[in-house]
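Novice: The structure follows.
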Amino acid sequence: MADRYWVGGTGTWNTTSTTNWSASSGGASGASVPTASDSVIFDQSSTYTVTLTGALTCLNFTVSAGTVTFSSTGTLTISGLLSLVAATVWNATGTITFAATSGTNTITTNAVSISASITFNGVGGTFQLASALTLGSTRTITLTNGTLDLNNFTLTTGLFASSNSNVRTLAFGTGNITLIGLSATIWSLATATNFSYTGTPTVNVTGVGTTGTRTISSGSTAGGTETNAPSFNISAGTDSITTTGNSVIKNLDFSGFTGNLNANGRFIYGNLTLSSGMTLSAAGAAITTFAATSGTKTITTAGQTLDFPVTFNGIGGTWAMQDALTLGSAKTLTLTNGTLQLKSGVTSTVGSFVANSSNVKYLQSTTPGSQATISKASGTVTVSDLTIQDSNATGGASWTAYADYENIDAGNNDGWDFSISPPYATYEPPIIIRSFTQPRRF
């Protein structure tokens, strides 16, 4: 293990040249090229350019003085820390890999924007931001192994990827990841096996897309659960947003977005907030499932019609509508588990309503004592194991909640039939069995 100092101003760092390396600060050149065990130090108080070529390695990487511009396409593997002064210019585009396998290794950029993609790949290593980290809109942060600790700072990148089965942790604290990429898979974490979050996992999607599609792939293949579901705030753009089939999401907020949400299924464990200026594509069988198992979650539709199937299925979960819930005329609202609170004083409209599982579940109003209206144009709705309160069922359909189907009239309901179900769907004559015996003789 040794220190290597850059000397001589502008030059090329490659795997063979010793022209610009010294064993001491300001010393003679000719020292060996840095290895993964050697720390590199750029401490000349001058302005110069370092051209990176080939597959380069070092232990710690420190720029402590001067105005240094790093350029070209060479890759760099750092086994320790990174520290830059604010005057540093990072125009090099080769991937930077942090590869420490133990300890906490800090990354200090001092507001220097990095033009390269960055990979964190160290089994057992922790990579901790000591300042905000910013990459360009076409660059990717990849977490392959280890712990990436945002340390309450903001990590800005075009794309984020961590779809594998290695043990890895993303520690947010109160920090966030801001995605500025366009027309790409901006969040790539389909396989979430052995992946975990700490802190409050918040992803802000701020890229101002006008064409193309930004894709969010979150735990949709394996390992996605309520405990490792991130929240996404999509605040800008007129392009399309899609979540890959059955992506796992905590809160999903489209405030400020005026583009289109594509038709794919998703699991939402928190709140949903739509914007009045966006559009929603219709879906056939792709279900949006609200799956929280605790607390009260809010759903704001902003006047949008949800032209796709919607299911509420979370034991212990409660969902409170903030406005009317309107489904497409052929789409089904299914209540499998938990408590659905429709907005009081307004009418929620469904194509079909299904609540016939054997699980105990609740249909209520958001305001106790004030009815919420649910409407279906025609047909018959038959529910079971449903406790109904403050509900006005209307619209032309017949709403049956037979008492012998374990339904409960909890009060202030209209339009529901809580009687005993008919004994026969159609009349059939009873079968009479007669028994004949021989008379007893004395």
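The values are calculated or read from the model by the stated rules, or taken from the named source; none is laboratory data. All of these numbers come straight from a predicted model, not from anything done at the bench. Backbone-built Cβ (ideal geometry, glycine too); neighbour counts: all protein chains shown.
Novice: THR387 is checked against (1) outside any loop (DSSP other than H, G, I, E, B); (2) crowded, with 17+ Cβ neighbours inside 10 Å and fails just one. What number does that condition carry?
Specialist: Unmet for THR387, out of (1) outside any loop (DSSP other than H, G, I, E, B); (2) crowded, with 17+ Cβ neighbours inside 10 Å: (2).
Novice: Also, quick follow-up: Any idea which residue in segment 146-169 is farthest from TRP187 (Cα to Cα), counting only those that are among the hydroxyl-bearing types (Ser, Thr, Tyr) and assigned to a loop (DSSP other than H, G, I, E, B)?
Specialist: Among those that are among the hydroxyl-bearing types (Ser, Thr, Tyr) and assigned to a loop (DSSP other than H, G, I, E, B), it is SER165.
Novice: For residues that are within 20 Å of ARG168 (Cα to Cα) and more than 9 Å from the chain's Cα centre (by Cα), tally how many sit in segment 218-263.
Specialist: 8
Novice: While we're here: Here is a list of conditions, (1) touching a Gly at 6+ places or on another chain (Cβ under 9 Å); (2) under 20 Å from GLY175 (Cβ atoms); (3) surrounded by 21 or more Cβ atoms within 10 Å (Cβ to Cβ); (4) not assigned by TED's automatic domain parsing to the domain that holds SER183, and CYS58 meets all of them except one; can you say which number that is?
Specialist: (2) is the only condition that CYS58 fails.
Novice: Mind telling me which of the residues ASP323, ASP390, ASP404 ends up being over 27 Å from ASN264 (Cβ atoms) and without any contact (Cβ under 8 Å) to a residue 24 or more places away in the chain?
Specialist: ASP404
Novice: Now, a different point. Does at least one position in segment 255-264 carry a residue that is touching a Leu at 6+ places or on another chain (Cβ under 6 Å) and not assigned by TED's automatic domain parsing to the domain that holds THR311?
Specialist: Within segment 255-264, one or more residues are touching a Leu at 6+ places or on another chain (Cβ under 6 Å) and not assigned by TED's automatic domain parsing to the domain that holds THR311.
Novice: With ASP3, ASP43 as the choices, which residue is under 17 Å from VAL112 (Cβ atoms), among the charged types (D, E, K, R) and either buried (at least 16 other Cβ atoms within 10 Å of the Cβ) or out of contact with any Pro (no Cβ under 9 Å at 6 or more places or on another chain) (or both)?
Specialist: Checking each option against the conditions leaves just ASP43.
Novice: Further question: Given the criteria touching a residue at least 40 places away in the same chain (Cβ under 8 Å) and farther than 15 Å from SER247 by Cβ, does SER183 qualify?
Specialist: In short, yes.
Novice: Could you grab me the full set of residues in segment 46-67 that are β-branched (Val, Ile, Thr) and closer than 19 Å to THR18 by Cβ?
Specialist: Scanning segment 46-67 gives THR49, VAL50, THR51, THR53, THR57.
Novice: Of all residues being out of contact with any Gly (no Cβ under 9 Å at 6 or more places or on another chain) and either within 23 Å of SER294 (Cβ to Cβ) or aromatic (Phe, Trp, Tyr) (or both) in segment 207-229, which is modelled with the lowest pLDDT? Just the residue, please.
Specialist: The residue in question is GLY223.
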